[in-house]
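Step one of this worksheet: look at the structure below.
What follows draws every value from the coordinates through simple rules; no lab data is involved. Given the structure is predicted, the values throughout are model-derived calculations rather than measurements. All Cβ positions, glycine included, derive from the backbone under ideal geometry; neighbour counts span all protein chains shown.
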Amino acid sequence: MHKNHPILIQGGMGIAVSDWKLAKAVSETGQLGVVSGTAINSVLVRRLQDGDVGGHCRRALAAFPSQAIAQKILETYFLENGRNPGQAYKRPPMFSLESPKFLLQTTVAACFVEVWLAREGHDGVVGLNLLEKIQLPNLACLYGAMLADVDYVIMGAGIPREIPGALDLFANNEKAGLKIPVVGGEDAVTYFDPRDVMEGLELKPLKRPYFFPIVSSAVLAMNLKKKSTGRVDGFIVEGPLAGGHNAPPRGPMKLNERGEPIYGERDAVSLADMAALELPFWMAGDYATPEKFRQVREQGAHGIQVGTLFAFSDESGVDPKLRAGAIHTVLHEKPPEGGWIFTDPRSSPTGFPFKAARIPGSISEESIYLSRKRICDLGYLRHFYKKEDGSLGQRCPAEPVADYVKKGGLEEDTVGRKCLCNALMADIGMPQIQAGGRVEMHLLTAGDDLNKIARILKPGQEHYGAKDVVAYLLSEEKTVAPERPVEKALESGL
């Protein structure tokens with residue numbers, strides 16, 4: 001029933017760490033390459049302002065269904081020779097419940113570009129990863145990916161119950177909505193109408209991709225299987241050793257002596273309970289060895305999802321100098337107590353624990369981060385709150401403290417919060433240049449596999465390719481590369 005799904009999934013790491021080049025390299029091996037849709041509109045407009053090196057974005061935009069929209073994007077953001085030294089990036093507007101149409105069009109096009117480039121020139125499968133916590137851009141992202149014939153959608157950092165129904169609607173180019181939580185008020189709703197956003201373009205039916213939510217328990221998986229608005233096709237089971245955002249521990253938050261969340265038996269996921277759901281599942285978070293791969297397959301898992309090893313491969317979107325420096329540091333320097341990874345319970349504005357690589361010179365060092373002037377100019381992690389007059393506003397605990405408090409937020413909620421939006425853009429070599437010439441600092445995230453990255457390297461080398469990761473992980477597998485799933489997933493009978 002599930003044999004045609006790839007057994008290895010390359011994790012979807014944002015912002016643009018899992019870019020189209022990485023996803024394409026993995027997909028060409030017959031496994032599932034995944035692009036990140038997080039902040040993808042900002043990624044596209046910054047690539048264009050850097051001159052679109054190699055012409056890839058323009059090549060993909062030339063295939064976009066609406067050339068009128070594509071040309072408007074190029075006219076607004078493309079700089080033939082790139083930005084001048086020290087010139088700040090022009091930013092797109094921030095998202096709202098009713099975002100400007102051109103912002104939605106840019107987001108649709110950006111996701112189309114990423115998926116189109118990842119799928120170009122081969123017959124492998126490609127997935128899209130989104131965060132449920134970043135809700136306002138997600139409908140536009142999904143539609144753009146479906147225009148590019150995306151095969152899978154993977155979604156974590158929350159409980160994405162409404163996404164399967166939205167995929168069903170978008171397959172027929174119909175309007176979809178998404179509930180948005182409001183602190184101190186009732187849920188709001190944001191809508192995306194393909195016919196309105198695409199401005200009268202003749203729209204053809206689209207393939208409905210497979211949908212895999214990321215879960216941290218079999219109970220949540222069962223809930224999603226039963227109560228989602230449409231079909232769930234499988235699960236990614238992510239443990240606390242995975243990179244990026246982690247689910248908080250079950251029960252009251254308790255910290256160890258290093259200040260990290262303590263996970264216990266209640267946070268372990270039973271593979272037998274997952275297998276009982278009779279849907280394929282992939283284990284994620286420190287499973288990246290051939291031995292663990294084989295063991296979880298023997299216990300009923302369809303396969304594994306791997307992020308960290310791919311994040312530090314040659315094809316990843318991480319700034320090459322930053323990536324090389326991190327690998328060199330891990331190989332040759334003495335690790336801090338507890339290893340190179342710190343699970344920070346406070347840094348993410350989402351409130352979820354967030355993994356930071358403790359590489360010297362990044363804002364994972366508190367002294368460096370405290371020297372940064374707070375600013376919220378990308379706004380992807382803002383959340384809604386109800387104002388005294390009944391209208392809705394947005395705020396982020398990583399914005400200037402006075403601004404957050406003025407909006408009714410609690411000052412204690414701002415302590416330790418970091419601007420992940422700007423830091424993750426810096427990770428991929430596109431840092432914003434702020435007032436006075438200040439350049440935003442990076443913050444690498446990785447899973448515990450970073451501590452053991454030497455196992456993937458050949459003697460004397462300090463770099464490796466995505467295909468080396470696939471070959472290493474499949475070294476105990478005797479299986480043939482899976483066939484491409486049927487084109488119309490809705491008709492597959494899963």
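Out of Thr106, Val153, Cys141, whose Cα points farthest toward the positive end of the dipole of region 90-190 (charges: +1 Lys, Arg; -1 Asp, Glu; placed on Cβ)?
Final value for the positive-end residue is Thr106.
Counting helices only, and only those DSSP H runs with n ≥ 4, report the 222 nm mean residue ellipticity of the chain as the sum of -39,500 (n - 2.57) divided by its residues, in deg cm²/dmol to the nearest 500. Please report the intermediate quantities before stating the final value.
Values: 17 runs with 145 residues, N = 494.
When only DSSP H runs of four or more count, the value is -8000 deg cm²/dmol.
Mind running the shape call on region 103-167? Use the C-alpha gyration tensor, a ≥ b ≥ c as the square roots of the eigenvalues: rounded below 1.5 for a/c, prolate if a/b tops b/c, oblate otherwise.
Values: a/c = 2.19, a/b = 1.42, b/c = 1.54.
Taking the square roots of the gyration eigenvalues as a ≥ b ≥ c, region 103-167 is oblate.
When the Karplus curve 6.51 cos²θ - 1.76 cosθ + 1.60 is applied with θ = phi - 60°, which whole-Hz ³J(HN,Hα) does each residue of region 237-246 get, with x for Gly and Pro?
9, 9, x, x, 8, 6, x, x, 7, 10
Going by average Cβ density within 10 Å per residue, which order do the peptides 342-351, 231-240 take, highest to lowest?
Values: 342-351: 20.7, 231-240: 23.4.
Final packing ranking: 231-240, 342-351.
Show me the ranking of peptides 56-63, 442-449 by mean Cβ neighbours inside 10 Å, starting with the highest. Can you show the working numbers first?
On the way: 56-63: 18.4, 442-449: 25.9.
Packing order, densest peptide first, comes out as 442-449, 56-63.
Specify whether the C-alpha gyration tensor of the chain places it in the rounded, prolate or oblate class, a ≥ b ≥ c being the square roots of the eigenvalues: rounded for a/c under 1.5, otherwise prolate if a/b is larger than b/c and oblate if not. List each step's numbers first, then the result.
On the way: a/c = 1.19, a/b = 1.04, b/c = 1.14.
The shape class here is rounded.
How do Trp340, Trp20 rank when sorted from fewest to most other Cβ atoms within 10 Å of their own Cβ? Could the numbers behind the result be given before it?
Details: Trp340 21, Trp20 26.
With the sparsest Cβ surroundings first, the list reads Trp340, Trp20.
So for each of 133-139, 224-230, 83-89 I average, over its residues, the number of other beta carbons within 10 Å; can you give me the resulting order with the highest mean first?
Values: 133-139: 24.4, 224-230: 15.7, 83-89: 11.3.
Going by the mean number of other Cβ atoms within 10 Å, highest first, we get 133-139, 224-230, 83-89.
Would you please give the residues with an amide H less than 5 Å from that of Val237, counting only those at least 5 places away or on a separate chain, with H modeled from the backbone geometry?
Those lying under 5 Å, H to H, from Val237 are Val215, Trp282, Met283, Ala284.
Restricting to region 211-361, what percent of DSSP beta bridges are antiparallel, rounded to 5? Don't skip to the end; give the middle numbers.
Values: 6 of 15 bridges.
Among the beta bridges of region 211-361, antiparallel pairing accounts for roughly 40 percent.
Which value, in debye to the nearest 20, gives the size of the charge dipole of the chain about its Cα centre, when Lys and Arg are +1 and Asp and Glu are -1 at the Cβ?
The calculated dipole for the chain is roughly 400 debye.
Under 1.5 on a/c is rounded, so check that first for region 406-473, then, if it is not, pick prolate when a/b is larger than b/c and oblate when it is not; a ≥ b ≥ c are the square roots of the alpha carbon gyration tensor eigenvalues. Walk me through the numbers before you get to the answer.
Numbers: a/c = 3.72, a/b = 2.08, b/c = 1.79.
It comes out prolate by the Cα gyration axes.
Counting only DSSP beta bridges with both residues in the chain, what percent are antiparallel, rounded to the nearest 5?
Working: 16 of 44 bridges.
Counting only bridges with both partners in the chain, antiparallel ones make up about 35 percent.
How far is the Cα center of region 140-159 from the Cα center of region 1-68, in Å?
12
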